[in-house]
Amino acid sequence: MIRETAIEASNLGFGYDRESSIINSLSFTLYRGETVALTGPNGVGKTTLGKLLAGILKPARGQVLLFGENTRDMPLYLMGRKIGYSFQNPDQQLFASSVAEEIGFGLKYRGANLEHISRVTAYLLNLFDIEHLKEAFPLNLSWGEKRRVVLAACLAQNPEYLILDEPTTGLDEERIKALTEIIASLRRKGTGILLISHHQTFIEQNAERILRMEGGEIRDDRFF
Amino acid sequence: MIASIRARELSFRYRGQDQWLFEQISFELKSGQISALTGPSGSGKSTLCYCLSGVIPRFIKGEFSGDVSLEGRVGMVFQDPDSQLFLPTVEDELAFGPENLCLPREEIGRRIESILQLIGLHRLRLANPVKLSGGGKQLVALGGVLTLDPDIILLDEPFSQLDDAMRGRIKTVLLELKRQGKAIVFVEHDKSNLEVADQIWLLSRGGLNRQSSPEVISHD
């Protein structure tokens, strides 16, 4: 089976300052329709790598091609159309005055019509079991509720690739199970997904491939 | 064993909420015991911790009734470590609590040293907490509370961003704190982390119930 390349990292290197390097010369390819888990000890650079792949950070060395385009040359809005990113801390991406507005925001600023926005929003409110919170102020929610709002807002834009940084924190078992089902249906649709997670059971249930980082390098790239 | 935390007929709802988040809940937690608090997301676990630590009703407004009595000093590690880290180095974070207790310099130094060893943060002593990974921040937030040497320790999902090795280490730390006679409450979703708990409480649909074992927990 020929799989379509989603993200291609070549000789990727990065450090937050000149003296130190967190990511050393990484090369790998991520495909559409594939769910990959990125694991490794605390502080090894998993979140940094996720941000590099999404184009939030630009590489110090090497390059990231996002659906064939170099992230260094892409404006943020264009990357946002291709890739959905859920931060480890949901507070970093919540800003709207209501949950419904938060979910519909991306579509609204891409020029979608109101009927479409409200249909998508209603579907996602139901999918993530947050219908009762649609008028609530997102920053007043619990961590687990914020997490579900952020995931819904990511999915609203129908991204071709999704990077989820610790998506299970704050979620109870039932909600993790529901997220597993959502991930499976996205995979069937051809969406590529990178899960940054320490949650072993969740990884085993969702990922078909594991990238293990250690010392700024990929130590293991394994398919189930 | 003496009761460290005694909550009587505790009810709370946030401003603008029609229903009580929890209503008339009463319980006692003893020193030298680890209690896990579990329940569906949004059921009020973090809010209950705010009530036990005094954040509610002092800083978060809403309708609060009932009372909480505590034997000793309380320390709380919040679910979001970013909400309690604000100093330029890890060492400063760990020093902040004891400095504000006006402890002697030597004692502050001794506590910082021993907590850095205990939770394995020596390497990051002079790092800026804001630039650490999620798991690193969680450890610094925990360290900042432990240097206060509280009698009652509230931890909101303390393992959520930790790798397996660190999770194991922090469980050992909790068992050691229990041995020292601290009362520990931790909020947790992951059953595999409940093994260190002496008792498990389920907060669901506004009520709090003690569970016999992790296996019987059901959120329905």
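All of the numbers you see were taken from the coordinates with simple rules; none came from a lab. Keep in mind that this is a model prediction, so the values were computed, not measured. Virtual Cβ from ideal backbone geometry, glycine too; neighbours counted across all protein chains shown.
Observations, loosely collected:
- Global form of the protein assembly as shown, assessed from the alpha-carbon gyration tensor, a/c cut-off 1.5: oblate
- Helix A:114-127 and the long axis of chain A differ in direction by around 80°, with both axes built from C-alpha atoms.
- Based on C-alpha pairs under 8 angstrom that are at least 6 apart in sequence, chain A has a relative contact order of 28 percent.
- Helix A:143-156 vs. chain A, principal-axis angle (Cα, 0 to 90°, nearest 10): 80
- Part-to-part distance (alpha-carbon centres) for the range B:1-42 and the range A:166-224, which is given in Å: 33
- Separation of the alpha carbons by more than 29 angstrom is noted, of A:K46/A:K146; A:K58/B:K171; A:K82/B:K45; A:K82/A:K146, for A:K58/B:K171; A:K82/B:K45.
- Long-range amide H partners of B:Q79 with built H, under 5 Å: B:D156
- Within-15-Å neighbourhood charge of B:P104 [Cβ basis; K, R +1; D, E -1]: -2
- A:E214 long-range amide H proximity, modeled H, under 5 Å: A:R219
- Karplus-derived HN-Hα couplings along the range B:66-72 (A = 6.51, B = -1.76, C = 1.60, θ = phi - 60°), whole Hz, x at Gly and Pro: x, 8, 10, 10, 10, 9, x
- Cut-off under 5 Å, modelled amide H: who pairs with A:I22 long-range: A:F14, A:G15, A:Y16
- Computed FRET value (nearest 0.05) for A:I182 with A:N70, which takes r as the C-beta separation and R₀ as 25 Å: 0.25
- With a simple spin-label model that places each label point 7 Å from the Cα along the Cα-to-Cβ direction, the separation between B:L87 and B:N100 comes to 1.0 nm.
- Spin-label model, A:Y77/B:W20: points 7 Å from Cα along the beta carbon direction are separated by 5.1 nm.
- Under the convention that each Lys and Arg Cβ holds +1 and each Asp and Glu Cβ holds -1, the size of the dipole of the range B:80-149 around its Cα centre is about 240 debye.
- All aspartates and glutamates inside 13 Å of A:K177 as judged from Cα atoms, apart from same-chain residues fewer than 8 positions distant: A:D129, A:E204, B:D190
- With a simple spin-label model that places each label point 7 Å from the Cα along the Cα-to-Cβ direction, the separation between A:D129 and B:Q199 comes to 2.7 nm.
- Assigned charges on the beta-carbon of Lys, Arg, Asp, Glu; chain A dipole about Cα centre (debye): 500
- The range A:5-78: GluC sites (Glu not before Pro) in DSSP loop, at most 11 other beta carbons within 10 Å: A:E19
- Lys, Arg +1 and Asp, Glu -1 on Cβ, resulting dipole of the protein assembly as shown about Cα centre, debye, nearest 20: 580
- Legend: mean number of C-beta atoms from other chains within 10 angstrom of residue C-beta atoms, peptide B:200-212, equals 0.
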